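Visitor: What follows is a single structure, and I will ask about it in a moment.
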Amino acid sequence: MAALHPQIVHFTIVLVIVGVIFRLVSLVGKPAFASPAATTLLVVAALSSILSVQSGAAAHPPVERAPGARPPVMEHEEWGERTRTILLVLGAIELIGLVLRKSPRVRTVHAVAAVVGLVGVWAVYETGEHGGELVYAYAGGVGLRSGDPKDVERLLLAGYYQQAMADRAAGRADQAAKLIGQAADRFPADPEVQMLAAESKLLDRKDPQGAIDALSAVQLPADNRFMAFRKAGLLADAYEATGRKPEAAAALEAVLKAFPNGRLQQRLDALKK
């Protein structure tokens, strides 16, 4: 059930928000279907919240074992349980309103449901915010859905890249180059990573010839024009950094013959001036 947590949670979120909207609209009295629609959606949301908490509890153990992740995991779990409680109360109120649907007191019950529903929407937002923090700030859940080790490899590669970019932006070029070099060693068959390493030689190591040599060894898929554009652009940058504008122009011309591109054509025109 852990792998299904994102789907179940988003299902619950939509049910709550739409259900509360219908309940608020129903207080006006029209359209007639608004009230039964609200009851249906909010009762199903209450039941869905139980599955949301259960699937989240199943997903948490492997996530919280990551260093530093346990506190946000526990906070997310606590908010999920609070939200479940609120939604179960809301579902019970809706069922009471269903029993009293022919009573003059039903409008009061629906007004109470609307208020509790708004509290529920706020609780859903808080739970989602903490869940988003787990995903985007702690990379929680990577590999849980598929069990594929490549998911973790992609996480590692993203970590290399993001930290290297942060180091470069902070002026720590040596550290950026070291991280990208480690990524290139770890993923020797990935042409994008190898081009990233060549770019690092140019930008971080200030070694344009090294970048040219590295790019010359990169083999690209024949039909991937975006990677071809990137390689040609990097080669042009490296050749231009060594003062060899004819070679820079030739690198662009070679790819433009196969894949016309306005931006690269402008670059080529500027080099030939």
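Visitor: Would you calculate a helix-derived [θ] at 222 nm for the chain, using -39,500 (n - 2.57) for each DSSP H run of n ≥ 4 and dividing by the full residue count, to the nearest 500?
Guide: Helix contribution divided over all residues of the chain: -27000 deg cm²/dmol.
Visitor: Among 45-53, 58-66, what's the highest-first ranking by average C-beta atoms within 10 angstrom per residue?
Guide: So the order, starting with the most tightly packed, is 45-53, 58-66.
Visitor: Separate question: Given Cα positions, please report Rg to Rh for region 2-138, the hydrodynamic radius being the Kirkwood one.
Guide: Reported Rg/Rh, Kirkwood definition of Rh: 1.06.
Visitor: With an 8 Å cut-off on Cα pairs and a minimum separation of 6 or more residues, tell me the relative contact order of the chain in percent.
Guide: 12 percent
Visitor: Restricting attention to region 1-46, which chymotrypsin sites (Phe, Trp or Tyr not before Pro) occupy a DSSP loop and are surrounded by at most 16 other Cβ atoms within 10 Å?
Guide: 33
Visitor: With θ set to phi - 60° and the Karplus curve 6.51 cos²θ - 1.76 cosθ + 1.60, what are the ³J(HN,Hα) couplings of region 53-65 in order, to the nearest whole Hz, using x for Gly and Pro?
Guide: Result, ordered by residue: 5, 5, 5, x, 5, 5, 7, 5, x, x, 6, 6, 6 Hz.
Visitor: Here's another thing I want to ask about it. Report the charge-dipole magnitude of the chain in Debye, nearest 20, computed about the Cα centre from +1 at each Lys and Arg Cβ and -1 at each Asp and Glu Cβ.
Guide: That gives the chain a dipole magnitude of about 920 debye.
Visitor: A follow-up question, please. Stretched out fully, how many nm does the piece from residue 98 to residue 206 gain, at 0.36 nm a residue minus the Cα gap?
Guide: 31.6 nm
Visitor: Pick out which of 14, 112, 28 has the largest mean-square fluctuation in a Gaussian network model of the chain, springs linking Cα atoms closer than 10 Å.
Guide: Ranking 14, 112, 28 by mean-square fluctuation puts 28 first.
Visitor: Still on this structure, I have one more. Quick one: Debye curve from the C-alpha atoms of the chain, no solvent, what's log10 I(q)/I(0) at q = 0.08, 0.11, 0.13 Å⁻¹?
Guide: With one equal scatterer per Cα and no solvent, log10 I(q)/I(0) is -0.57, -0.77, -0.87.
Visitor: Further question: Whole angstrom only: what separates the Cα centroid of region 225-273 from the Cα centroid of region 113-172?
Guide: Taking the Cα centre of each part, region 225-273 and region 113-172 sit 37 Å apart.
Visitor: Next up: For a distance above 20 Å, tell me the whole-number percent of Cα pairs in region 150-272 that qualify.
Guide: Value for region 150-272: 46 percent of Cα pairs lie more than 20 Å apart.
Visitor: Give me the aspartates and glutamates in straight-line cross-link reach of residue 245: C-alpha distance below 17 Å, same-chain residues under 8 apart excluded.
Guide: 207, 213, 237, 253, 269
Visitor: Right, another one. Quote the relative contact order of region 150-272 in percent (integer), defining contacts as alpha-carbon pairs under 8 Å separated by 6+ residues.
Guide: Value for region 150-272: 15 percent.
Visitor: Could you check which residue among 87, 134, 203 shows the biggest mean-square fluctuation in a GNM of the chain with a 10 Å Cα cutoff?
Guide: Most flexible of the set in this elastic network: 203.
Visitor: Give me the dipole magnitude in Debye, nearest 20, for region 2-138 about the Cα centre, with unit charges on the beta carbon: positive for Lys and Arg, negative for Asp and Glu.
Guide: My answer is approximately 800 debye.
Visitor: Please give the FRET efficiency for residue 259 paired with residue 47, using the beta carbon to beta carbon distance and R0 = 41 Å, rounded to the nearest 0.05.
Guide: Efficiency, from the Cβ-Cβ distance: 0.15.
Visitor: Given Cα pairs under 8 Å that are at least 6 residues apart, what percent is the relative contact order of region 2-138?
Guide: Computed value for region 2-138: 29 percent relative contact order.
Visitor: Continuing with this model, one more query. Which residue, 12, 242, 85, has the most motion in a Gaussian network model of the chain that connects Cα atoms within less than 10 Å?
Guide: Residue with maximal mean-square fluctuation among 12, 242, 85: 242.
Visitor: Of the options 50, 111, 87, report the single residue whose Cα projects farthest towards the positive end of the charge dipole of region 2-138 (beta-carbon charges: Lys, Arg +1; Asp, Glu -1).
Guide: Checking the options against the dipole of region 2-138, the answer is 111.
Rule-based calculations on the coordinates, nothing more; no lab input. Bear in mind that the values here come from a model prediction, so they are computed numbers and not experimental data. Counting neighbours? That spans all protein chains shown, and the Cβs are built from the backbone with ideal geometry, glycine included.
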